[in-house]
Amino acid sequence: MSQAPVLKSSPTASSHAPGVGDDFEFVEVIRGYLNEAAELVDIPGYVREILGQPKNEIIVNFPVKMDDGEYRLFKGYRIQHSNILGPYKGGLRFHETASLDDFKALAALMTWKCSLMNLPLGGGKGGIKFNPRDHSRRELQRITRRFIHALGSNIGPDYDIPAPDMGTNAQTMAWAMDTYMNTVGMVSKQATAGVVTGKPVTSGGTEGRVKATGQGVVHCIREWAERSRFDLKGKKLIVQGYGNVGSHTAVLLSHLGVSLVGVGDHTGYLYNAEGFNSYRMQEYVAEHGSISGYPNGERIEREDFFAIAADLFVPAALEAQIDQTEARALQVKLVAEGANGPCTPSGEKILLERGIDIIPDVIANAGGVTVSYYEWVQNRNSEKWTAEDIDERLELAMKTAYQNMMDFAEANGCSYRIACYGVALQRLARVYSEREIFP
């Protein structure tokens, strides 16, 4: 007799900083930024109301057979926020704290990023609530394929285009593309290669995608440094989260003479006054899955990490990591948000009052979606661009967006974050004005 699906309880671990309560609502924080920017842009009320909610909220529950023969029921999400500028675009996150509201916030952020970067794409986000580190490679493949199958025609190269995010990578995207090609996209398989981005280069991916988000962070830091007359050579960096974004940011900054002295992830925090070899640590994390056990550093507590005397801080982990306590402890000149929503509004307020600049997530980590767009274009046109092509296009796109942010901030006397929202909203409002509302 076949066994019934095993239903395991959902994890209750919080993704917030220790001082942030469970009443923190990321989606309301994002709506607050929208409303603040809307007052400056003076967009019509109906546009603000439309953008305050996603167009579609998709939840799927699907069973997967585990290696031990038992079945487990998984909950997956896909939030489609806006497609007024083009197909929905956004990552797939596999994480134990994933929730509907968080995906709603992250999908909205993608809408602002795509608009700010002048991409013909809208905002989406999704994923599965589970810890991928608890599963074998075989289980991860089955979970991914079953999730993509469950989404079915809710995604597609001209409709909704997922990409890697926390807990997923190029291999995940290869499984996703293959599953879609062999189910929904059976008629014209090659035309469906663009159903996801962030794929391995040999399977239709693009040069430069793996480092793209970190590269975008570095472009922003260089722009800030140049405008602030701040010499990066010899400066110190701390990074929270040493996955794809954090590690590539650290490696690229090391080429500019910046030394990584503090690093942390879900397993703890390390300090080295002389500086870590960021590339070797990247290799170590790729092999071991975390910084735990890395030999060349002193293990420190979380509060000690935030008190490290440095120049630059790149939070590249989860949202709501920098609240009031962390904001008061930081001894840096710049916070460049490699993660989505790492600063709470109260934490941001303290940082700005202390004279610490913030390059917000809306622009700082937009390099990933920008190069994802380049991959999508190559897939659609059956083209292959060189790494030099990608690097040149991304640098120009990031510099242009940075200048637009600065111009808006200076003209309206607002923070860089609200300036990013303002630039994005101006474009969205123009499109709504031109197209109007059907019928």
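Descriptive notes on the structure:
- Enumeration of residues in segment 220-253 that are closer than 23 Å to residue 405 by Cβ and touching an Asp or Glu at 6+ places or on another chain (Cβ under 6 Å): 235
- Residue in segment 326-333 that is surrounded by fewer than 22 Cβ atoms within 10 Å (Cβ to Cβ) and either acidic (Asp, Glu) or farther than 23 Å from residue 224 by Cα (or both) present: no
- Among the residues of segment 404-439, the one identified as on the phi > 0 side of the Ramachandran plot and either modelled with pLDDT under 95 or assigned to a helix (DSSP H, G or I) (or both) is 436.
- Number of positions in segment 91-106 that are under 14 Å from residue 339 (Cα atoms), of a type in the set (Gly, Ala, Ser) and in contact with a Lys or Arg (Cβ under 7 Å, 6 or more places away or on another chain): 1
- When residues in segment 113-137 are screened for being charged (D, E, K, R) and in contact with a helix residue (DSSP H, G or I) (Cβ under 9 Å, 6 or more places away or on another chain), 3 of them pass.
- Criterion: among the charged types (D, E, K, R) and touching a strand residue (DSSP E or B) at 6+ places or on another chain (Cβ under 7 Å) - qualifying residue of 165, 178, 231: 165
- Considered as a group, the residues in segment 372-392 that are surrounded by 12 or more Cβ atoms within 10 Å (Cβ to Cβ) and among the hydroxyl-bearing types (Ser, Thr, Tyr) include one that is farthest from residue 90 (Cα to Cα), and that residue is 374.
- Residue check, residue 233 out of contact with any Cys (no Cβ under 6 Å at 6 or more places or on another chain), assigned to a loop (DSSP other than H, G, I, E, B), assigned by TED's automatic domain parsing to the domain that holds residue 278 and at pLDDT 95 or above: yes
- Subset tally (residues that are exposed (fewer than 13 other Cβ atoms within 10 Å of the Cβ) and either touching a Leu at 6+ places or on another chain (Cβ under 7 Å) or not acidic (Asp, Glu) (or both)) for segment 269-279: 1
- Members of segment 38-90 that are at pLDDT 95 or above and among the basic types (Lys, Arg): 55, 65, 72, 75, 78, 89
- Residues satisfying the stated conditions in segment 334-368, i.e. surrounded by fewer than 24 Cβ atoms within 10 Å (Cβ to Cβ) and out of contact with any Phe, Trp or Tyr (no Cβ under 8 Å at 6 or more places or on another chain): 345, 346, 348, 349, 350, 351, 352, 353, 354, 355, 356
- Filter pass, residue 199 being among the charged types (D, E, K, R), assigned to a strand (DSSP E or B) and in contact with a Lys or Arg (Cβ under 9 Å, 6 or more places away or on another chain): no
- Those residues of segment 401-424 which are in contact (Cβ under 8 Å) with a residue 40 or more places away in the chain and not hydrophobic (A, V, I, L, M, F, W, C), in sequence order: 402, 404, 412, 415, 416, 417, 421, 422
- Checked against the criterion of being buried (at least 21 other Cβ atoms within 10 Å of the Cβ), of a type in the set (A, V, I, L, M) and under 30 Å from residue 395 (Cβ atoms), the candidates 128, 84, 30, 43 yield just one match: 30.
- Only a single criterion out of (1) modelled with pLDDT of 95 or more; (2) in contact with a helix residue (DSSP H, G or I) (Cβ under 8 Å, 6 or more places away or on another chain); (3) at negative phi is not satisfied by residue 341, namely (3).
The values are calculated or read from the model by the stated rules, or taken from the named source; none is laboratory data. Predicted model, so just to flag it, every value in this text is computed and none were measured. No Cβ is skipped: glycine too gets one built from the backbone with ideal geometry, and neighbour counts run over all protein chains shown.
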